[in-house]
Amino acid sequence: MVAVRWSDGGALERFETTSADGTVLRGVRRPGPGEPVVLVHGVAMDSRVWVESGFLDALPDADLVAVDLRGRGHSERVRDPARHGIDRHVEDVRAVLDLFGFERCSAFGVYFGGRTALRVAAADARVSTAYSFCAHAEPVVLPEGAVEEEASAIEGPDGLGYLTGHFRRTGAPDWMVRACGRVDLAELASVTRGLHHGSERGVERLRPGQRAVLVTAEGDVELPVFEAGVERIGARLWLVESPTRVRAAHRLAEVGARVAEDLAAWAGGVAR
């Protein structure tokens, strides 16, 4: 691994590894004395969002590892929707755990990355806590034709305008809008079609000793679905002062600070 400097001015180490199907993955690590936390970004994002949102600064002691999932950031493009199924994303994150030899770590994911983080914990006992920001654990019904309509718009002649317009209209923070400008639109269309490959399944209950934390907006219209996860898989629920899940992203750094407190309390034997 080679030390590099990025926009936060701190030293980050670049890494490269290979997922189970041979896809090359890249990302950055900011070493720290605390528990390792693997960061899993959302669909139209890359690993840079953790710096731009202020999330990294909110966990000053954690050993943070931010992976570019397949097809995003500096990782290899695959173009095949079947290779963008959520099980492949889970394999990507587990490959990162293997690379660094983590025996225990936490995983924090935003939006679809949150669902991925939960699925990683269900598959891998090395994950002690999975934090899912604005993604619940229950089965999802994909409306007929909605995925293809979305994918076609993304790969259309004004795909970038479609993405940025959507996020601006719904009140997303600037860092989410900027991330859209860095995505490979053809690859993102494949990622979107990949939702048909396993993303509809609910998350299994975690093992004894593992924790799941679901985070969403106070005004989330699907709040009862998140509450169902508290009952079904024994998750804890954190609410963010926000009217919607998209707008909740403005408070991602605040959530990061709460994660830092939670990890410190958990290490001290007190769950928060």
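The values are calculated or read from the model by the stated rules, or taken from the named source; none is laboratory data. Remember, predicted model here, so these are calculated numbers, not experimental data. In this analysis, Cβ positions are derived from the backbone assuming ideal geometry, glycine residues included, and neighbour counts consider all displayed protein chains. To get the accessible areas, we keep the full protein, side chains included, count just its heavy atoms, and leave off ligands, DNA and RNA. Shrake-Rupley method; radii C 1.70, N 1.55, O 1.52, S 1.80 Å.
Can you confirm whether the stretch 241-252 contains a residue that is over 30 Å from Asp80 (Cα atoms), of a type in the set (A, V, I, L, M) and more than 19 Å from the chain's Cα centre (by Cα)? Before you say what the answer is, go through the steps one by one.
Just the residues of the stretch 241-252 that are over 30 Å from Asp80 (Cα atoms), to begin with: 241-244, 247-248, 250-252.
Checking the rest, the ones that are also of a type in the set (A, V, I, L, M) come to 248, 252.
If we keep only those that are more than 19 Å from the chain's Cα centre (by Cα) too, we end up with none.
Checking the stretch 241-252: not a single residue is over 30 Å from Asp80 (Cα atoms), of a type in the set (A, V, I, L, M) and more than 19 Å from the chain's Cα centre (by Cα).
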Over the stretch 166-187, the set of residues under 12 Å from His250 (Cβ atoms) and among the small types (Gly, Ala, Ser) is Gly171, Ala172
Within the stretch 141-151, restricting to residues that are at pLDDT 95 or above and open to solvent by 50 Å² or more (accessible area, probe 1.4 Å), the one that is farthest from His84 (Cα to Cα) is Glu149
The correct count of residues that are open to solvent by less than 10 Å² (accessible area, probe 1.4 Å), of a type outside the set (Val, Ile, Thr) and without any contact (Cβ under 8 Å) to a residue 60 or more places away in the chain in the stretch 67-81 is 4
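Scan the stretch 156-191 for residues that are in contact with a Leu (Cβ under 6 Å, 6 or more places away or on another chain) and free of Cβ contacts under 8 Å to residues at least 60 places away in the same chain and jot them down. Working first, answer last.
Just the residues of the stretch 156-191 that are in contact with a Leu (Cβ under 6 Å, 6 or more places away or on another chain), to begin with: 159, 180.
Selection gives Gly159 alone.
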Among (1) without any contact (Cβ under 8 Å) to a residue 24 or more places away in the chain; (2) open to solvent by 50 Å² or more (accessible area, probe 1.4 Å), Trp50 falls short only on (2)
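Return yes or no: is Leu118 open to solvent by less than 50 Å² (accessible area, probe 1.4 Å) and at pLDDT 95 or above? Outline the logic, then answer.
On the way: open to solvent by less than 50 Å² (accessible area, probe 1.4 Å): yes; at pLDDT 95 or above: yes.
So Leu118 passes the test.
In the set Gly256, Gly229, Gly194, which member is buried (at least 20 other Cβ atoms within 10 Å of the Cβ) and touching a Pro at 6+ places or on another chain (Cβ under 8 Å)?
Details: Gly256 fails: touching a Pro at 6+ places or on another chain (Cβ under 8 Å); Gly229 fails: touching a Pro at 6+ places or on another chain (Cβ under 8 Å).
So the residue among Gly256, Gly229, Gly194 that is buried (at least 20 other Cβ atoms within 10 Å of the Cβ) and touching a Pro at 6+ places or on another chain (Cβ under 8 Å) is Gly194.
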All-but-one check, Glu103 against (1) in contact (Cβ under 8 Å) with a residue 24 or more places away in the chain; (2) open to solvent by 40 Å² or more (accessible area, probe 1.4 Å); (3) among the charged types (D, E, K, R), failing number (1)
Here the residues within the stretch 24-50 that are assigned to a loop (DSSP other than H, G, I, E, B) and either under 10 Å from the mean Cα position of the chain (by Cα) or not aliphatic (A, V, I, L, M) (or both) are Pro31, Gly32, Pro33, Gly34, Glu35, His41, Gly42, Val43, Met45, Asp46, Ser47, Arg48
Looking only at the stretch 136-153, decide whether some residue is within 14 Å of the chain's Cα centre (by Cα) and not in a strand (DSSP E or B). yes
Taking the stretch 167-180 and keeping only residues that are in a helix (DSSP H, G or I) and loosely packed, with under 14 Cβ neighbours inside 10 Å, one is left with Arg168, Arg169, Asp174
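Name every residue in the stretch 53-82 that is closer than 21 Å to Glu261 by Cα and in contact with a Lys or Arg (Cβ under 7 Å, 6 or more places away or on another chain), in order of residue number.
Our first condition is that a residue be closer than 21 Å to Glu261 by Cα; within the stretch 53-82, this holds for 53-66.
Selection gives Leu56, Leu64, Val65.
Is there a residue being open to solvent by less than 20 Å² (accessible area, probe 1.4 Å), in contact (Cβ under 8 Å) with a residue 12 or more places away in the chain, out of contact with any strand residue (DSSP E or B) (no Cβ under 6 Å at 6 or more places or on another chain) and not in a helix (DSSP H, G or I) anywhere in the stretch 59-66? Before you say what the answer is, go through the steps one by one.
Here is the first cut: in the stretch 59-66, the residues open to solvent by less than 20 Å² (accessible area, probe 1.4 Å) are 59, 62-66.
Then drop every residue that is not in contact (Cβ under 8 Å) with a residue 12 or more places away in the chain, which leaves 59, 62-66.
Next, only the ones that are out of contact with any strand residue (DSSP E or B) (no Cβ under 6 Å at 6 or more places or on another chain) stay: 59.
Pick out the ones that are also not in a helix (DSSP H, G or I) and you get 59.
Within the stretch 59-66, one or more residues are open to solvent by less than 20 Å² (accessible area, probe 1.4 Å), in contact (Cβ under 8 Å) with a residue 12 or more places away in the chain, out of contact with any strand residue (DSSP E or B) (no Cβ under 6 Å at 6 or more places or on another chain) and not in a helix (DSSP H, G or I).
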In the stretch 181-239, anything touching a strand residue (DSSP E or B) at 6+ places or on another chain (Cβ under 9 Å), of a type in the set (Asp, Glu) and in a loop (DSSP other than H, G, I, E, B) is listed as Glu218, Asp220, Glu222
